[in-house]
Amino acid sequence: MLVQGRGKALPLQCFPMHFSSFKRALFLNLGVLACAMALSVAVGSVSIPLRDLARLLWSGVRGTALPADVPAFMAVIVFKLRLPHTALVLLTGAALGSSGAAYQGVFRNPLADPYLLGVASGAGLGAVVAIALQGESLTAGGFLIPGAAFVGALLTVALVYALARVDGYVPTSTLILAGVALGALASALTSFLMLQSQGTLQRAIVYLLGGAPLTGWKPVVAILPYWLVGEAILLTSGHALNVLQFGEDQARQLGLNAGQAKLLVLGAASLVTAAAVAFAGIIGFVGLVVPHIARLLWGEDYRRLIPLSLLGGASVLLLSDLLARTLLAPRTLPVGIVTALFGAPFFLWVLQRAKK
Amino acid sequence: MSLQIRDVVAGYGKQEILRHVSLEVARGEVVALAGPNGAGKSTLVRVISGVLRPQRGAVQWEGTDLLHLPPRERARLVAVVPQAHHLPPMFTVRQAVALGRTAYLSWLGALGESDRAAVERALAQTDLLSLAERPLGHLSGGEQQRVLLARALAQETPILLLDEPTAHLDLRHQANILGLVRRLSRARRMAVLMVVHDLNLASRFADRLALFAEGQIVRVGPPAEVLTAEAVWQVYGTPVEIWRNGDGRPVVYLKPTPAVPEPAEKTHDPI
């Protein structure tokens, strides 16, 4: 249901989100997230009954001994495989959702996504360089590949920023151009390296689509510091993003140091995205669609939009990951394919509704 | 006690738009900037508000150098009312006006008691209290312009710059906004600089008028002194008649231009 206002179609939520409805939105998102997390841990090649899962978690939280009638292997699956995997997917989805909202806010463009400044192509290049350097070794390479991906992503963004500088300012127009240009260059280099050897090609494709095949808590621990720092900045940058919605000139005239604010927000968003992409591979659509849907449902106040996109992104990716693991069981689809397959038509459907 | 603009040279890239512009605006005074398109009026506003760095010159407010202040400090001295273009449609009036307090808020943007009071005052002064919860996308052009004025007033600055605040507005809104600006300038002792295209509006509402031509101020003074048929012809190349109304302010009336034969031109026939 849309309201026509002076020829401009306003979305479903056309009145300001009062605190009570933000609380409602928050609780709704938290509820969905909790369900998604429970499902993610319970469902898989071995199905953990929810009751047993609850009891396992409860004993884990309290630090008591595991319940005797729950098979030991279930405990292993839950604590050593499913929980860390769920945690990683949650952090990744949250990073993509919140940084997507931040990018859309800085660029004032609902088509912006967290890969606009080259995070994805830089990560891909970093990973492929690491794979190529490893040679024909069959080992997964431990943390070398994700680490290289992380560094590649951040270096690319830094380079894009440096290239986009004009007269001491960094206008959004040149940022986009530099991002596209460097992204294309990185992709070209990546393709070149991949074609150099068959082994590199296969492993690179596997990585780019599905991430590093690492299990356990180590990846979670590895990205947590970057995730926490980046998200702390993003969650508090709602006000600055609101000011930026009036354009950089007006933002400066209102007293915001627009250049610093953009650098801080884009830096934090790139940091969390790089951390997410390092282990998860390049997952599209979440960073684009989740903030968009959140905006259609709950309005454009970025103090609300960033946390809601964070929660939404986590839920969406958890559910996508669930589908990826179960659709073609026992095979696991790369999550990026699931998000694209479901993300695109869903987004089109929301747009169709919004147009009426 | 005034805004002093001295010898400002500014432009974009190598192009010079403003050439050695000097002007003084006192507290409680409304100075209108008029002139043809591209003469530099909006450029001067951008220089004073810190969006464009001049190549030369100084802008001072009661001794403080405005040009080298950080954005936050400058925004506590200078507020700008831009033209109402492409405002984000989902913000409410109150949210938009509250952003005028940005220079006094932390990174988180939480409003304190004094901030809220300033916002309410600004909404009351611009008669927007009844529209406070409406989204900007639901407002008319005149109402949106009032919102931008309220936002600038919430900034509580001694200097107010307006860039064509009445473009695209109907007569009633033009009168309302400019009348409001003049009253507030007196009441709050603000130095007001406004870019106006309409010479009659400038004449009616400004204490002094600065006529721009090609990046320089060619005449400045009370409208009655500045607006003469010769001055308008010199700056705009358009013949006008100047009438005086009851309170001595000049009214500019466009003379019908006599039919002038086009100079003979050799034109190529298009193929």
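Brief remarks on what is shown
- Within the stretch B:213-249, the set of residues being outside any loop (DSSP other than H, G, I, E, B), touching a strand residue (DSSP E or B) at 6+ places or on another chain (Cβ under 9 Å) and charged (D, E, K, R) comprises B:Arg219, B:Glu225, B:Glu241, B:Arg244.
- The condition (being crowded, with 20+ Cβ neighbours inside 10 Å and either in contact (Cβ under 8 Å) with a residue 12 or more places away in the chain or small (Gly, Ala, Ser) (or both)) is satisfied by just one residue among A:Leu26, A:Leu91, A:Leu81, A:Leu57: A:Leu91.
- Tally, over the stretch A:129-157, of residues that are modelled with pLDDT of 90 or more and touching a Ser or Thr at 6+ places or on another chain (Cβ under 9 Å): 5
- Residues located in the stretch B:241-253, provided they are modelled with pLDDT of 90 or more and more than 19 Å from B:Leu33 (Cβ to Cβ): B:Glu241, B:Ile242, B:Trp243, B:Val251, B:Tyr253
- Any hit, the stretch A:127-138, residues being among the charged types (D, E, K, R), touching a Phe, Trp or Tyr at 6+ places or on another chain (Cβ under 7 Å) and not in a helix (DSSP H, G or I): no
- Which numbered condition A:Ala294 fails, given (1) more than 14 Å from every other protein chain (Cβ to nearest Cβ); (2) part of a helix (DSSP H, G or I): (1)
- The residues listed here are B:Ala154, B:Ala229, B:Ala150, B:Ala191; of these, the one that is farther than 12 Å from B:Val81 by Cα and surrounded by 23 or more Cβ atoms within 10 Å (Cβ to Cβ) is B:Ala191.
- You will find that of A:Ala344, A:Ala258, A:Ala251, A:Ala278, the residue that is of a type outside the set (Phe, Trp, Tyr), at pLDDT 95 or above and either out of contact with any Ser or Thr (no Cβ under 7 Å at 6 or more places or on another chain) or at positive phi (or both) is A:Ala251 and no other.
- Any hit, the stretch B:132-140, residues being out of contact with any Lys or Arg (no Cβ under 7 Å at 6 or more places or on another chain) and part of a helix (DSSP H, G or I): yes
- Qualifying position, being more than 14 Å from the chain's Cα centre (by Cα), within 22 Å of A:Tyr115 (Cα to Cα) and in a helix (DSSP H, G or I), among A:Ala344, A:Ala354, A:Ala340: A:Ala344
- Among the residues listed as B:Ala167, B:Ala231, B:Ala264, B:Ala152, the single one being under 30 Å from B:Gln55 (Cβ atoms) and modelled with pLDDT under 90: B:Ala167
- Whenever a residue of the stretch B:97-121 is more than 12 Å from chain A (Cβ to nearest Cβ) and without any contact (Cβ under 8 Å) to a residue 60 or more places away in the chain, its partners that are of a type in the set (S, T, N, Q) and surrounded by 15 or more Cβ atoms within 10 Å (Cβ to Cβ), lying with C-beta atoms within less than 9 angstrom and at least six residues away or across chains, give the pairs B:Ala118/B:Gln155.
- Among the residues of the stretch B:38-83, those that are of a type in the set (S, T, N, Q) and within 26 Å of B:Val147 (Cα to Cα) comprise B:Ser42, B:Thr43, B:Ser49, B:Gln83.
- All of B:Ala124, B:Ala175 fail the test of being more than 17 Å from the chain's Cα centre (by Cα), modelled with pLDDT under 95 and assigned to a helix (DSSP H, G or I), apart from B:Ala124.
- Annotation note: Cβ proximity below 7 Å between a residue of the stretch B:41-63 that is touching a residue at least 12 places away in the same chain (Cβ under 8 Å) and away from chain A (no Cβ under 14 Å) and a residue that is loosely packed, with under 15 Cβ neighbours inside 10 Å and in a loop (DSSP other than H, G, I, E, B) (sequence gap 6+ or interchain) occurs for B:Glu62/B:Met1.
- Only one of A:Gly267, A:Gly210, A:Gly216, A:Gly238 that is within 11 Å of A:Ala102 (Cβ to Cβ), surrounded by fewer than 24 Cβ atoms within 10 Å (Cβ to Cβ), away from every other protein chain (no Cβ under 14 Å) and among the small types (Gly, Ala, Ser): A:Gly267
- Filter result for B:Gly28 (away from every other protein chain (no Cβ under 14 Å) and either loosely packed, with under 15 Cβ neighbours inside 10 Å or on the phi > 0 side of the Ramachandran plot (or both)): yes
- Of residues in the stretch B:122-141 being more than 9 Å from chain A (Cβ to nearest Cβ) and either in contact with a Gly (Cβ under 6 Å, 6 or more places away or on another chain) or free of Cβ contacts under 8 Å to residues at least 12 places away in the same chain (or both), the one surrounded by the fewest Cβ atoms within 10 Å (Cβ to Cβ): B:Ser130
- Qualifying residue in the stretch B:70-83 (condition: more than 16 Å from B:Thr157 (Cα to Cα) and surrounded by fewer than 16 Cβ atoms within 10 Å (Cβ to Cβ)): no
- Residue check for B:Thr157: part of a loop (DSSP other than H, G, I, E, B), farther than 23 Å from B:Val9 by Cα and at pLDDT 95 or above: yes
- With respect to (1) among the polar types (S, T, N, Q); (2) closer than 20 Å to A:Leu125 by Cβ; (3) modelled with pLDDT under 85, the lone exception for A:Ser187 is condition (3).
- Subset of the stretch A:152-208 [in a loop (DSSP other than H, G, I, E, B) and either without any contact (Cβ under 8 Å) to a residue 12 or more places away in the chain or under 21 Å from A:Gly259 (Cα atoms) (or both)]: A:Ala164, A:Arg165, A:Asp167, A:Gly168, A:Val170, A:Pro171
- Residue within the stretch B:88-95 that is within 13 Å of chain A (Cβ to nearest Cβ), hydroxyl-bearing (Ser, Thr, Tyr), outside any strand (DSSP E or B) and crowded, with 17+ Cβ neighbours inside 10 Å present: no
- Test: residue in the stretch B:232-243 that is under 21 Å from B:Arg186 (Cβ atoms) and without any contact (Cβ under 8 Å) to a residue 24 or more places away in the chain: no
- Being within 21 Å of B:Val31 (Cα to Cα) and at pLDDT 95 or above holds for only one residue in B:Arg146, B:Arg116, B:Arg74, B:Arg101, and it is B:Arg74.
- No other residue among B:Val31, B:Val25, B:Val21 is touching a helix residue (DSSP H, G or I) at 6+ places or on another chain (Cβ under 9 Å), in contact (Cβ under 8 Å) with a residue 60 or more places away in the chain and assigned to a strand (DSSP E or B) apart from B:Val21.
The values are calculated or read from the model by the stated rules, or taken from the named source; none is laboratory data. The shown structure was predicted, so the numbers you read here are calculated from the model rather than taken from an experiment. Neighbour counts run over all protein chains shown; Cβ positions are idealised from the backbone, glycine included.
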